[in-house]
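Comments concern the structure below.
The values are calculated or read from the model by the stated rules, or taken from the named source; none is laboratory data. Remember, it's a predicted structure, so these values are computed and weren't measured experimentally. Glycine gets a Cβ as well: all are built from the backbone with ideal geometry, and neighbour counts include every protein chain shown. The area values use the complete protein model at the heavy-atom level, side chains included, leaving out ligands, DNA and RNA. Shrake-Rupley method; radii C 1.70, N 1.55, O 1.52, S 1.80 Å.
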Amino acid sequence: MASFASSSFSQALRTASRRSSRAVANAAARPVQRASYSALSRAAVAKSAAQRTHVKGARGIKTLDFAGTREVVFERSDWPLAKLQDYFKNDTLAMIGYGSQGHGQGLNARDNGLNVIVGVREGGESWKQAQEDGWVPGETLFPIEEAINRGTIIMNLLSDAAQSQTWPTIAPLITKGKTLYFSHGFSVVFKEDTKVIPPPDVDVILVAPKGSGRTVRTLFKEGRGINSSVAVFQDVTGKAQEKAIALGVGIGSGYMYETTFEKEVYSDLYGERGVLMGAIQGLFLAQYQVLRKNGHTPSEAFNETVEEATQSLYPLIGQKGMDYMYNACSTTARRGALDWAPVFEKANLPIFEQLYESVKNGTETRKSLEFNGRSTYREDLAKELAVIDNQEIWRAGKVVRSLRPDYKPESE
Ligand SMILES: NC(=O)c1ccc[n+]([C@@H]2O[C@H](COP(=O)([O-])OP(=O)(O)OC[C@H]3O[C@@H](n4cnc5c(N)ncnc54)[C@H](OP(=O)(O)O)[C@@H]3O)[C@@H](O)[C@H]2O)c1
């Protein structure tokens, strides 16, 4: 899923994240014994081992039955930290880009005791952020080309538009023996538009965390691991899949689901435009508007549309599924939901068909490349997000949130 930054929320997130990153940077400044876990990841691994006891037979590669379809899942217990560090002892992981994913994946891999360097534009926003997180210019922080030259595993975590723009400079540096890593199938799958065509003599692999880089980091620090997709695009060494799984563990994944570059990018672009982000905003707005037109106050419309959803009902879906949530509600609510769900399904199905087609035929890719390739993309995005921030529904939401028992003023 793509990262999403709405002004106040993301500001708070960034502040919190910066704070925790600084703590990690301080820890990193202490002498590091490469053969042992950092304090952080030792605690994380111990906690995760304790949690794993709840998952019967959860070791290594597993074929699980997902509602009648058998699928392969990889688990990090196959990669104890000592094995992981030994596997990558001759490697340098070059994180190219330090946005949401570069930050989360880079810090996790560093805490896991792997040799990590960061490559970003000198003097840019990411350069500053990387320094704040303890990456040291000339030692672990380099301009992009130099980091690629120094790295053996080139982890291309630039924005998808930047991956395309920088490819002519980057491609000649991906020499035989290196590994090319992505966290999205975007650049390689839509090569007609991106022009990203990997050299034929390197392994090309993917680990795509199913969440923001901030979550990649937070879950790791809690001793848990994010779910990720893993895929191999090109296997010249015969070790590409093994390397992808090991890297998945290295950057903080818990479980890794086998997929292809194509399936990963189609499902990801579709999901974020759909229920994860695009559809949810559209549905919230539509429901809210009708309530307002019928004389309901902003607070009532917001509570009935967003607050109850996010604070009470959706967490129940996350815990135990839709039927569980329905069961937890009144008989009146349940009856209505059961009757209206198929109506919404029928109305929305053609839109989702249209969306999938728009992803598959590259329309969504071209739009993203055009917008995110502009030199003004940050300012342009900020303008669009400001419009959302200023919508009545979200302004009302700020007041509703301020009445939550756990409200903290700095989080607004
Ligand atoms: N974020 C997510 O939730 C998520 C989840 C899974 C997978 N992914 C994938 O992970 C990859 C990285 O995503 P992200 O969200 O972490 O990154 P991002 O925020 O989209 O990209 C940020 C990085 O790209 C650099 N950049 C932008 N334009 C550039 C240019 N023209 N030349 C050089 N560098 C440039 C920025 O450097 P400056 O600061 O110098 O501009 C920054 O380091 C993408 O393939 C994405 O699809 C993302």
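Can you go through Gly238, Gly250, Gly278 and tell me which one is under 21 Å from Glu357 (Cα atoms) and either surrounded by 24 or more Cβ atoms within 10 Å (Cβ to Cβ) or over 13 Å from the mean Cα position of the chain (by Cα) (or both)? Step through it out loud before you land on a result.
On the way: Gly238 fails: under 21 Å from Glu357 (Cα atoms); Gly250 fails: under 21 Å from Glu357 (Cα atoms).
After ruling out the rest, the residue left standing is Gly278.
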For the stretch 124-140, pairs from a residue that is over 22 Å from Ser159 (Cβ atoms) to a residue that is among the β-branched types (Val, Ile, Thr) and away from the ligand (no atom under 12 Å from the Cβ), with Cβ under 9 Å and 6 or more apart or across chains, are Gly134/Val24; Gly134/Thr140; Glu139/Ile117
Those helices (runs of 4 or more DSSP H) completely within the stretch 206-316 that have 1 or more residues that are of a type in the set (Val, Ile, Thr) are 213-221, 240-250, 261-273, 278-293
Residue hits (the stretch 324-342; part of a loop (DSSP other than H, G, I, E, B) and surrounded by 12 or more Cβ atoms within 10 Å (Cβ to Cβ)) are Ala328, Cys329
inquiry  = Yes or no: the stretch 376-387 includes at least one residue that is open to solvent by 50 Å² or more (accessible area, probe 1.4 Å), within 16 Å of the ligand (Cβ to nearest atom) and among the aliphatic types (A, V, I, L, M).
reply    = yes
Only one of (1) within 12 Å of the ligand (Cβ to nearest atom); (2) part of a helix (DSSP H, G or I); (3) modelled with pLDDT of 95 or more does not apply to Met95, and that is (2)
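Looking for whichever is of a type outside the set (A, V, I, L, M, F, W, C), more than 30 Å from Pro405 (Cα to Cα), part of a helix (DSSP H, G or I) and open to solvent by less than 50 Å² (accessible area, probe 1.4 Å) here; the options are Glu364, Glu353, Glu357, Glu345. Which one fits? Explain how you work it out, then say what you get.
Numbers: Glu353 fails: open to solvent by less than 50 Å² (accessible area, probe 1.4 Å); Glu357 fails: open to solvent by less than 50 Å² (accessible area, probe 1.4 Å); Glu345 fails: open to solvent by less than 50 Å² (accessible area, probe 1.4 Å).
When all the criteria are applied, what remains is Glu364.
Identify the residue in the stretch 171-210 that is among the aliphatic types (A, V, I, L, M) and closer than 21 Å to Arg121 by Cα and, among all such residues, is farthest from the ligand (Cβ to nearest atom).
Step one: list which residues in the stretch 171-210 are among the aliphatic types (A, V, I, L, M), which gives 171, 173-174, 180, 188-189, 196-197, 202, 204-208.
Add one more test, that the residue is closer than 21 Å to Arg121 by Cα, and what stays is 171, 173-174, 180, 196.
Values: Ala171: 14, Leu173: 14, Ile174: 16, Leu180: 13, Val196: 11 Å.
Looking at the filtered set, the residue picked out is Ile174.
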Here the residues within the stretch 115-170 that are surrounded by fewer than 15 Cβ atoms within 10 Å (Cβ to Cβ), away from the ligand (no atom under 14 Å from the Cβ) and among the small types (Gly, Ala, Ser) are Gly138
*Please tell me if Lys178 is in contact (Cβ under 8 Å) with a residue 40 or more places away in the chain and of a type in the set (Lys, Arg).*
no
Screening Gly321, Gly295 for residues that are on the phi > 0 side of the Ramachandran plot and loosely packed, with under 11 Cβ neighbours inside 10 Å leaves only Gly295
Going through the stretch 207-235 in order, the residues found to be open to solvent by 20 Å² or more (accessible area, probe 1.4 Å), closer than 22 Å to Leu180 by Cα and β-branched (Val, Ile, Thr) are Val232
His103 vs (1) surrounded by 19 or more Cβ atoms within 10 Å (Cβ to Cβ); (2) in contact with a Phe, Trp or Tyr (Cβ under 9 Å, 6 or more places away or on another chain): all pass except (2)
